[in-house]
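The values are calculated or read from the model by the stated rules, or taken from the named source; none is laboratory data. Keep in mind that what you see is a predicted model, and the values were worked out from it rather than measured. Ideal geometry is used to build each Cβ from the backbone, glycine not excepted, and the neighbour counts take in all protein chains shown.
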Amino acid sequence: MIEVYNVLLYTNLFWDCVDFVNERINVEMQIRKNAGLSTFVS
């Protein structure tokens, strides 16, 4: 039973990390896109 709980816990942590990384990538993309647009406009 404890093993199952540990697996669930680690899976949760794993997905939290994945979400965090995805969030970071999205932010980076937005910044790049905005920077690209501003340089393109000017």
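If the condition is being assigned to a helix (DSSP H, G or I), surrounded by fewer than 10 Cβ atoms within 10 Å (Cβ to Cβ) and of a type in the set (A, V, I, L, M), then region 1-19 contributes 2, 4. Run down 34, 26, 22 and say which single residue is polar (S, T, N, Q), modelled with pLDDT under 90, in a helix (DSSP H, G or I) and surrounded by 10 or more Cβ atoms within 10 Å (Cβ to Cβ). Matching residue, one of 34, 26, 22: 34.
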